[in-house]
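For reference, the structure discussed in these notes is given below.
What follows is calculated from the coordinates using simple rules that are stated; it is not laboratory data. Because the structure is a prediction, the values reported are computed rather than measured. FYI the Cβ positions are ideal-geometry reconstructions off the backbone, even for glycines, and counts take in every protein chain you see.
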Amino acid sequence: VDLRLLSAEPTDAEREAIDSVVGAPSANGGGRVARGGHALRAQRHLLLPALRAAQRRVGWVSEGALGYASRRLDVPPADAYGVASFYHLIALEERPADVLHVCDDIACRLAGATVPEGANPSPCLGLCERAPAALRTIAGEAPREIQLPEVGPPLPQAGEPGLRLLRRIAAGADPTSLDDYRAHGGYAALRRALELGPAGVLREVSESKLLGRGGAAFPTGVKWEAVARQPARPHYLVCNADESEPGTFKDRVLMEGDPFALVEAMTIAAYATGCEHGYLYVRAEYPKAHERLEHALAAARTRGYLGADVMGSGFAFDAELRIGAGAYVCGEETALFESIEGNRGEPRNKPPFPVEVGLFGKPTVVNNVETLANVLDVVGSGGEAFRDAETRLFCLSGHVERPGLYEVPVGTRLSGLLELAGAAPPKAVLLGGAAGTFLGPDDLDVELDFEATRAIGATLGSGVVMVFGQSADLADAVLRIAAFFREESCGQCVPCRVGTVRVQETLQRLAAGAPRGSVEDELALLDELAQVMRDASICGLGQTAANAVTSAITRLGVLAS
Amino acid sequence: VFGAGGGTSSYEEVRDADLVVLWGSNARETHPIFFHHVLKAVNRGARLIVVDPRRSSSAQWADLWVGLDVGTDIALANAVGRELIHAGLVNTAFVERATTGFDAYREQVEPYTLERAGEITGVPAEAIRELAHAYGRADRAQLCWTLGITEHHNAVDNVFALINLALLTGHVGRYGSGLNPLRGQNNVQGGGDMGALPNRLPGFQPLSDAAVRSRFEASWGRPVPPEEGLHLTGMFEAMEHGELTALYVIGENPAQSEADQTRAVRLLEGLDHLVVQDIVPTRTAELADVVLPAAASWCEAEGTVTSSERRVQRVRKALDPPGDARDDIEIVYELGRRLGHELGSPRGEDVWDELRSLSPMHAGMSYPHLEELGGIQWPCNEEFPDGSQFLHGRLWDEVVADRAPFTPVEDDPPVDVLDDDFPIRLTTGRRLESFNTGVQSGAFSSPLHRHGEAIQIFPDDGARLGVNEGDRVRIVSRRGAVEAPVRYDETLRPGLAFMSFHFPELVETNVLTIDATDPQSGTAEFKAAAIRIEKVSA
């Protein structure tokens, strides 16, 4: 590539860290033959891992490290800089090795979060049940990331029978033991899947009518069948574990507490859809999940549950962990592909959809963690039986006595869930996260399923149930949500890039009691902005960025007087 | 190539190729527009192989870079040919139907085993094999070259060595496969097409052909002398022998662009009369008796240019030339008038129509037709009314009337041999932002100019010679010596040095180069000089 190389050289430590990802360099210069081209440029997907490795080693990505990674991967430095600067957690200016990222997002604000001097404020860290929360990153020879507080409250339903998705966690199964996983029923579903054959698995998944649990509620069976019948090869499997919706932590609990289940479910999905390789993309803020999954993948590989001959069936599948670098938009599936491929995480235009043109331009199954976790029961007990026993996970946070992850039957009333968690009659509930909807006290009877929530103009989204008690400052939450979307917009399309800024500015004027024109004028402007963003943004981020804000205004009158 | 003075393919075919081989070409810097088409092919999935002593910036894009020793191209090509034959990658149907002389070629390349070629070229056998197999197996392959092939004392043999490979594999004369010498500037192709060659009349028609001559004589009303003229190097020889005493130079700067520059300047100074016609005051113009200021042909004149893909395109006048500068045609016609010859109307279109009446390959290209199609690739005539995307399609006819001959050629190393006194191979070339002697590019400010001229060497050589980056050194060849700062360059290797000649006011690189010349093309061996590097005490 036309490299205009940076003159800065990497330190030995940075060089070693980057080499650990991209491999040792061959003799540099002076030779007779060099091989590069397509084969080298196909390694671009290692760019983000290489930058991450350099940062974990020395605490930031220096010009020398950036230039070296560029050179090794044949990426123009300007391009690599564009990637590095896209992600919040990549530091391009020198900073101490030990950094504290303190969450000041909505759930943690309800718990009185303050950002101490010297710490970085952070959007939601997915630790809402133990708010206020923080993430400490320590670079060095033995880098560490620590989620704070290190231990959260116990699973509220621990020891309860009748759970499906949380069964093993509630029963206290050891998440680091493959044998304990098997003792709790692990790998029975994969055995069943191999008996059913790919077509049989597809049939069960379609019959189960399982809907995606990442927020978009797309029928999983339809997606899998579409990929399975694509003639283009290879097919890729991607598990979307970039759980970044403020207030959401369900996938983290599953990954930390039941990592083998996810590995097994991915294997089944790959088997049904004809994938040989899978990627598990986890947000950078979940170090414990990384550790557990890395371990689970290795253990499964050792025991032949992954690899060239899965369970002796002749089916070949392996998966690898990819770690994000702090970007909410990468939860959007095509942005996630871009991120894995080593690019800025900017969503693609659709169509073509991922089932046709996905990761590396190939047909791709992309599923959320909770969706995949459900597949074990779909295959284990059959699609029809699954439908009757279907449950959902909800992330309870805010003003409740027992915050945490709850599994309840689909159709449970919101009020019942609040009672389970011990909530006093609230001022408002945020359902579905920052891209979701504020509900008032009159809406609490709603049944928690797709149809009923849609009927009242709300969404289950990623299962966020954030409770705002009578003392809560809703205007503060609304302003924080607006700031969040402004910050997280990737900037690629105008409606979102400009819209999120205008929404925030309008809300700030209202909050300051200084509307431009009348309050009604400002509310009309917000409506119009929301409409444009919904209609014209490329991806779900922009399309939903104004949802929570407008719902707070229209349903609860926040900032509207 | 096969009697036609141009590349066989179109840019579109380059974009659609499966393999592009750049042999002795750093197109990334020297033909950036063409390389842009190569990149489109690469981004589509095509493989790129670069054969160049330096791991040039083009090679940075390549799937495979083959770093042969300077001037060993024939050995490499012959080994590739032998490997194609032994690996069963010869297109036998094409060879039998469309070529002649295969048996002689096969016999002649037989000694060029991969191992022997490896010894001559320095390239590992495995890489030669990979190159051969990639070329032999590609469905569509483009073989492109530039001055790395032609600036040698055996330039024409080098070209034949490459043509032989295309004949072996049938990579010529059909869509997507071709042989392409890349042309400099926007109109080097056009210059040759218009007969600015000592042995050709306009339309690339051979001067030796009496029928051709008589057509021109009929139109011009005067005899056309059948003797070949001199090419540039021959002119300097004639000056040396006192046979040539007056020179009319149009748009050239031989005082700085000729090899062995000291000699070139001496000979120009010794002329009785020197006329220089140019758009800027060049070093050659400083030596001239008369300077004729010319209009810039891309914006101050009407006419045509012809690109590397043989595409004739209209150029339109946008500005009046400044001061006394006049259109080139006007100057020549006025000169003719004062010498007693009325040459007719100096309008661009009239001159063009005269050419169309004399050059069969341009016959169909009226100005309106050029306008209509946005440029036309020659030949364009009754047989090809809208021009021709690629040449030599006839080689794929059922019965090939005019077969293409194999031309066996032998390895013949550079004239300027390396020895203990001159142990380093110096090769010269261009850089992206500069053009030749800097007449057109030197006056512009560019961040890439900031280094000026330097001698680029491999860092290990610098360490061995005890010179650091930035140190001034004395560079000595058998012809002269210059001083220049050192720059380290990892794309070289020990014993290989590189210089450009863009800043003759700073470093007169061509003082070093050798004027050993290919007898057929007249091109000097700019690419291979033997030098030593001496430390200069500050």
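Take every Cα pair under 8 Å whose residues are at least 6 apart in sequence, average their separation, divide by the length of the stretch A:416-561, and the relative contact order is 27 percent. Figure legend: label point modelled 7 angstrom from the Cα of A:Asp174 along Cα→Cβ; no residues of the stretch A:286-310 have amide N under 12 Å from it.
Each part gets one Cα centre, and for the stretch B:142-204 versus the stretch A:182-236 those centres are 59 Å apart. Determine, from the Cβ-Cβ distance of B:Arg474 and B:Val417 and an R0 of 22 Å, the FRET efficiency 1/(1 + (r/R0)^6), rounded to the nearest 0.05. In this case the efficiency is close to 0.60.
Compactness of the stretch A:350-485, taken as the C-alpha radius of gyration over 2.2 N^0.38 Å, stands at 1.21.
Cα gyration tensor of chain A, axes a ≥ b ≥ c as square roots of the eigenvalues: rounded (a/c below 1.5), prolate (a/b > b/c) or oblate? Taking the square roots of the gyration eigenvalues as a ≥ b ≥ c, chain A is oblate. Unpaired cysteine residues in chain A (no second Cys Cβ under 4.7 Å): A:Cys124, A:Cys128, A:Cys239, A:Cys275, A:Cys330, A:Cys395, A:Cys490, A:Cys493, A:Cys496, A:Cys539. The stretch A:535-549 and the stretch B:356-430 have Cα centres separated by 58 Å. The mean number of partner chain beta-carbon atoms within 10 angstrom of a residue's beta-carbon across peptide B:119-126 is 1. If you take all other residues with their beta carbon under 9 Å from the beta carbon of B:Ile514, and give Lys and Arg +1 and Asp and Glu -1, the sum is -2. Rounded to whole Å, the principal axis extents of the Cα atoms in the stretch A:426-561 read 36, 33, 22, largest first.
Directionally averaged projected area (the stretch B:59-113, Cα convex hull): 5.2 nm². With only Cα atoms counted, the stretch B:483-538 has Rg and Dmax values of 13.4, 45 Å. Counts of other chain beta carbons within 10 angstrom of each beta carbon in peptide A:256-267 average 0. Pop the C-beta distance of B:Asp103 and B:Asn199 into the FRET formula with R0 = 45 Å and round what comes out to the nearest 0.05. Calculated transfer efficiency: 0.90. In angstrom, the C-alpha Rg and Dmax of the stretch A:463-509 are 12.7, 39.
Only the Cβ atoms of Lys and Arg (+1) and of Asp and Glu (-1) were treated as charged; on that basis the dipole of the protein assembly as shown about its Cα centre amounts to roughly 2280 debye.
Karplus-based coupling profile of the stretch A:51-61, in residue order and whole Hz: 5, 4, 4, 5, 5, 5, 7, 10, x, 7, 9, with θ = phi - 60° in 6.51 cos²θ - 1.76 cosθ + 1.60 and x standing for Gly or Pro.
Counting alpha carbon pairs within less than 8 Å and at least 6 residues apart, what relative contact order, in whole percent, applies to chain B? If you can, show how the numbers build up before the last one.
Details: 1106 pairs, mean separation 93.3, N = 538.
17 percent.
Residue order for B:Cys299, A:Cys493, A:Cys239, fewest other beta carbons within 10 angstrom first, comes to B:Cys299, A:Cys493, A:Cys239. Volume per residue for the stretch B:266-330 equals 116 cubic angstrom (convex hull of Cα atoms).
Given R0 = 35 Å, the distance between the Cβ atoms of B:Glu372 and A:His38 translates into a calculated FRET efficiency of 0.30. Computed on chain B, the Cα convex hull volume stands at 163 Å³ per residue. For the stretch A:210-277, the set of trypsin sites (Lys or Arg not before Pro) satisfying both a DSSP loop assignment and a count of at most 13 other C-beta atoms within 10 Å is given as A:Arg229. If only the Cβ of Lys and Arg carry +1 and only the Cβ of Asp and Glu carry -1, the dipole of chain A around its Cα centre is close to 1060 debye.
Taking every lysine pair in the protein assembly as shown that is 8 or more places apart or spans two chains, those with Cα atoms closer than 18 Å amount to 5. Here, the stretch A:482-561 is characterised by an Rg to Rh ratio of 0.96, where Rg is the alpha-carbon radius of gyration and Rh the Kirkwood radius. Comparing A:Tyr286, A:Ala134, A:Leu166 along the charge dipole axis of chain A, the residue lying farthest to the positive side is A:Tyr286, per the Cβ-charge model.
Would you tell me the mean number of C-beta atoms belonging to other protein chains that fall within 10 Å of each C-beta in B:52-61, as a whole number? Numbers along the way, then the final one.
On the way: counts 0, 1, 0, 7, 0, 3, 1, 3, 8, 8.
Per residue, the number of nearby Cβ atoms from other chains is 3 on average.
Modelled this way, with points 7 Å down the Cα-to-C-beta line, the labels at B:Arg116 and A:Arg516 are 8.2 nm from one another. Prolate is the label for the protein assembly as shown. Its Cα gyration tensor axes, ordered a ≥ b ≥ c, give a/c of at least 1.5 and a/b above b/c. Percent of C-alpha pairs per 5 Å bin in the stretch B:140-184, short distances first: 6, 23, 31, 21, 14, 4, 1.
Kirkwood analysis of the Cα pair distances in the stretch A:1-129 returns a hydrodynamic radius of 16.4 Å. Under a model in which nothing but the beta-carbon of Lys, Arg (+1) and Asp, Glu (-1) is charged, chain B shows a dipole of about 1060 debye around its Cα centre. Positive end of the dipole of the stretch B:188-283 (Cβ unit charges, origin at the Cα centre): among B:Leu267, B:Leu197, B:Thr245, the Cα lying farthest that way belongs to B:Leu197. The protection proxy used here, the mean number of other Cβ atoms lying within 10 Å of each residue, ranks peptides B:207-220, A:461-474, B:34-47 as follows, highest first: A:461-474, B:34-47, B:207-220. Ordering A:Ser313, B:Ser9, A:Ser7, B:Ser307 from the fewest to the most neighbouring beta carbons within 10 Å gives A:Ser7, A:Ser313, B:Ser307, B:Ser9.
Taking Lys and Arg as +1 and Asp and Glu as -1, the other residues whose beta-carbon sits under 10 Å from that of A:Gln492 total +2. Spin-label model, A:Asp19/B:Asp397: points 7 Å from Cα along the beta carbon direction are separated by 6.3 nm.
To check you understand DSSP bridge types, tell me what percent of the beta bridges within the protein assembly as shown (both residues inside) are antiparallel, rounded to 5.
45
Sparsely packed loop sites in the stretch A:290-361 (the trypsin sites (Lys or Arg not before Pro) outside DSSP H, G, I, E and B with at most 16 other Cβ atoms within 10 Å) comprise A:Arg303. The value of relative contact order for the stretch B:326-413, using C-alpha pairs under 8 Å at least six residues apart, is 14 percent.
Toward the positive end of the charge dipole of the stretch A:466-557, with +1 on the Cβ of Lys and Arg and -1 on the Cβ of Asp and Glu, the farthest Cα among A:Ala524, A:Val501, A:Gly557 is that of A:Val501.
Pairwise Cα distances in the stretch A:144-263 exceed 25 Å for 37 percent of all pairs.
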